[in-house]
Amino acid sequence: MIIDPKAVTAAERILNLAAYLKEKLPSGVSIDDITANVKGYDPEQSRDQQGRLIGEGPEWEALRRKVRRDLEDLTTEWGIESEYDESNRLYRLRPPFFNLEERRELIAAASTIRIDGIDGVAGQIGTGVNDLETGTVVQVHPLVATLRDAMVDHQKVEFLYEETLRTLEPWALGKWRNSWYVAGWEPKNEAFRRYRLDRISGTISRVGPVEAFVVQDWFDSELAFDLDPNSWGHDPLLVARVEVDQDFGPSFISEFQGEVTSKSDEIWEVEFKVRHYQSTLVRLLAFREHARIVSPPPLQSLVQDHLFAVIEKTT
């Protein structure tokens, strides 16, 4: 059946796109998939007689810009974010973001929720949940349950971390870049510490009496899991302006927490603060030719010097 794309409004087309992206999780979809299967796009535009997508010419450029604008509107107008996998040329929905209160509620419920007929372990939500069962898929590390209980009871915990036995007052649990962390006070070293749960060997033991510690007033549970070096670095402040290819805009914003200052069909200009030069250099280079520094000159020089040094080592 041929669908007349003109019979579908822009809003309907964009929501159809969101539903299609959700349906195809976690595999992702290409522009070919989107334009052939999402109601509102012309399934014959920029295709040959065999129905294969032609990736060049005016029709292709118009179709590609239309999909990009729709993905951008999906983010800005509807709050639904996608990400682009360059190596496979696929688009996927980004996982949902939870604010502090939602995160606390999720952690509190994590070890008590079970879904009949779905494989998984205690302390994990969404291990095998598909889109027919729930609209939200969240992974909660199995050690969260023990740590949550120890936090509630103000009881210390012990665990093996990188072959060293650690004793910790667990003050908070949180997530950064898809990894779970516990933050708290380590009495032995008299220092605040953060540990990644997937680097803990074996189980966690609760030790000593309950009500054994008090969370200090200076502790901020939000900042405890902000591991972006540009938040806590001590290099002189720079304000970076970077041009980013449109397909990589959302992932660049997620990486640097920047602000989009201008947009076109092809390029986003993003501004963000830099307080840690070395980490910024490494993260910028990960975007390769898809991100180009506009200013300031010191940041441009930093990248150029690094690239020249690499060239010298390889010649």
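The values are calculated or read from the model by the stated rules, or taken from the named source; none is laboratory data. Bear in mind that the values here come from a model prediction, so they are computed numbers and not experimental data. Because the Cβ atoms are built from the backbone with ideal geometry, glycine has one as well, and the counts that use them run over all protein chains shown.
Residues that are in a loop (DSSP other than H, G, I, E, B) and not charged (D, E, K, R) were ranked within the stretch 154-199; the one that is surrounded by the most Cβ atoms within 10 Å (Cβ to Cβ) is 155. Among the residues of the stretch 209-232, those identified as in contact with a strand residue (DSSP E or B) (Cβ under 8 Å, 6 or more places away or on another chain) and surrounded by 12 or more Cβ atoms within 10 Å (Cβ to Cβ) are 212, 213, 215, 219, 221, 224, 225, 226, 227, 230. In summary, residue 33 fulfils each of the numbered conditions (1) outside any loop (DSSP other than H, G, I, E, B); (2) farther than 14 Å from residue 92 by Cβ; (3) of a type in the set (Asp, Glu) with the single exception of condition (2). If you take the residues in the stretch 21-39 that are surrounded by 15 or more Cβ atoms within 10 Å (Cβ to Cβ) and in contact with an Asp or Glu (Cβ under 8 Å, 6 or more places away or on another chain), which one is farthest from residue 60 (Cα to Cα)? Ranking the candidates gives 24 first.
On the basis of being in the same structural domain as residue 143 (by TED's automatic domain parsing), at pLDDT 90 or above and touching a strand residue (DSSP E or B) at 6+ places or on another chain (Cβ under 9 Å), does residue 239 make the cut? The answer is no for residue 239. Only one entry of 282, 310, 260 meets the criterion of being within 19 Å of the chain's Cα centre (by Cα), farther than 30 Å from residue 62 by Cβ and of a type in the set (Val, Ile, Thr), and that entry is 282. As a summary of the residue check, residue 176 satisfies the conditions (1) assigned by TED's automatic domain parsing to the domain that holds residue 149; (2) out of contact with any Gly (no Cβ under 7 Å at 6 or more places or on another chain); (3) more than 30 Å from residue 73 (Cα to Cα) except for the one numbered (3).
Looking at 233, 208, just one residue is in contact (Cβ under 8 Å) with a residue 40 or more places away in the chain, closer than 30 Å to residue 165 by Cβ and of a type in the set (Gly, Ala, Ser), and that residue is 208.
The helices (runs of 4 or more DSSP H) found wholly in the stretch 200-315 and carrying at least 2 residues that are over 27 Å from residue 87 (Cα atoms) occupy 229-232, 297-314. Among the residues making up the stretch 159-171, a single one is aliphatic (A, V, I, L, M) and under 13 Å from residue 213 (Cβ atoms): 168. Of the residues making up the stretch 1-26, those that are of a type outside the set (D, E, K, R), in a loop (DSSP other than H, G, I, E, B) and either over 23 Å from the mean Cα position of the chain (by Cα) or modelled with pLDDT of 85 or more (or both) are 1, 2, 3, 8, 9.
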